[in-house]
Amino acid sequence: MGTHQYQQDPRNDSILININGELFPRNEAKISVFDSGFILGDGIWEGIRLHHGKLAFIEQHMKRLYDGAKALDLDIGLNKKQLVQRIMDTCEANDMHDGVHIRLMVTRGIKATPYQDPRVTISAATIVIIAEFKTALVPTNDGISLFTTHVRRGYPDVQDPKLNTHSKLNCIFACIQAAKAGVDEALMLDPHGFVATCNSTHFFIVTQGQVWTSSGDFCLDGITRRNVIELCQQYDIPVYQKNFTLSDVYAADEAFITGTFAGLTPIAQIDGRKIGTNENPIIRRLQNYYIKMIEQHSESQL
């Protein structure tokens, strides 16, 4: 399971899944084999956390989703307020209040025939909301391990890495290579050989008290990534979005990944090299700041 390991929860066996506004038991939730997402990976998605009855950073998630839909010329068919209400209705139907991870998926809809042209779409967008009880497992030892994959993050004129689309095959290839190497996640480089991101999370290093992350040119506009950068700026921790190489990574004092599901997770090894001393003072500070940030954001939605 890598960086998305979670505690098994029997309540997930009987969850209700929302498909286009209707609720279905887990084993009865289905979409058409002619759906654009199934045929082509033509869709966008968000991973969202429910924290103390509130959707964490929901404004940022909605902006990214609707910006992606506009780029793909995809009509979601609901405004942001309506879609957020549908997510909350799904959580309420499942009696969910905390420790919940939500996968929101929007595809272009059902096709008349298996073909890529959007003009053969014959239905409104397909909107699926899967909310599950999920608590991230704390990594064993001193953190997770990474392996640098040969699979690169591509140029935006090939497939824009900033779009959170269903078409994730390059990340899946990287994930497979990491799994075959017996590690938790793949570290991916950009076309120029600089560090870009991981296959499903974002990557940071700490060197001489400074926090570095990639330039952002070849990775998704990660919401947790953006919030960590904001926290560094707020608490006077020097932070830089810049190009750096694997040599910088191996020499780092600390390293960590970020993501909606697990927040900030320390890294113990990269390509068989031990990172730092496991004390991780900057990471611990940022983890505490991030928890406070989520609490403050939840309170602001009251």
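The values are calculated or read from the model by the stated rules, or taken from the named source; none is laboratory data. Everything numeric here is computed off the predicted structure, so don't read it as measured data. Note that we place each Cβ from the backbone using ideal geometry, even for glycine, and neighbour counts take in every protein chain shown.
Listed by position, the strands (runs of 3 or more DSSP E) enclosed by the stretch 237-302 include none that has at least 3 residues that are surrounded by fewer than 18 Cβ atoms within 10 Å (Cβ to Cβ) and at positive phi.
Yes/no per residue for (1) outside the structural domain of Tyr290 (by TED's automatic domain parsing); (2) more than 16 Å from Ile130 (Cβ to Cβ); (3) modelled with pLDDT of 95 or more:
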position: Gln7; (1), (2), (3): yes, yes, no
position: Leu16; (1), (2), (3): yes, no, yes
position: Asp35; (1), (2), (3): yes, no, yes
position: Glu59; (1), (2), (3): yes, yes, yes
position: Asp95; (1), (2), (3): yes, no, yes
position: Leu104; (1), (2), (3): yes, no, yes
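Screening Cys171, Cys198 for residues that are at pLDDT 95 or above, more than 22 Å from Ile275 (Cβ to Cβ) and surrounded by 17 or more Cβ atoms within 10 Å (Cβ to Cβ) leaves exactly one candidate, Cys171. Step by step: first the residues of the stretch 250-302, then only those that are within 24 Å of Leu50 (Cβ to Cβ) and small (Gly, Ala, Ser), then the one that is modelled with the highest pLDDT. Which residue is that? Result: Gly259.
The sole residue among His97, His51, His61 that is surrounded by 20 or more Cβ atoms within 10 Å (Cβ to Cβ) and of a type outside the set (Lys, Arg) is His61. Scanning the stretch 197-224 for residues that are within 15 Å of the chain's Cα centre (by Cα) and aliphatic (A, V, I, L, M) returns Leu220, Ile223. Among the conditions (1) among the β-branched types (Val, Ile, Thr); (2) closer than 30 Å to Gln7 by Cα; (3) assigned by TED's automatic domain parsing to the domain that holds Pro281, Val158 misses just one, which is (2).
Phe173 passes every criterion in (1) closer than 23 Å to Thr260 by Cβ; (2) free of Cβ contacts under 8 Å to residues at least 40 places away in the same chain; (3) more than 19 Å from the chain's Cα centre (by Cα) apart from (3).
Residue-level check: of (1) under 13 Å from Phe256 (Cα atoms); (2) part of a loop (DSSP other than H, G, I, E, B); (3) not small (Gly, Ala, Ser), Cys219 misses just (1).
Go through the stretch 73-90 and give me each residue that's surrounded by fewer than 16 Cβ atoms within 10 Å (Cβ to Cβ) and either within 17 Å of Lys162 (Cα to Cα) or in contact with a Cys (Cβ under 9 Å, 6 or more places away or on another chain) (or both). Asp73 - this is the single residue of the stretch 73-90 that is surrounded by fewer than 16 Cβ atoms within 10 Å (Cβ to Cβ) and either within 17 Å of Lys162 (Cα to Cα) or in contact with a Cys (Cβ under 9 Å, 6 or more places away or on another chain) (or both).
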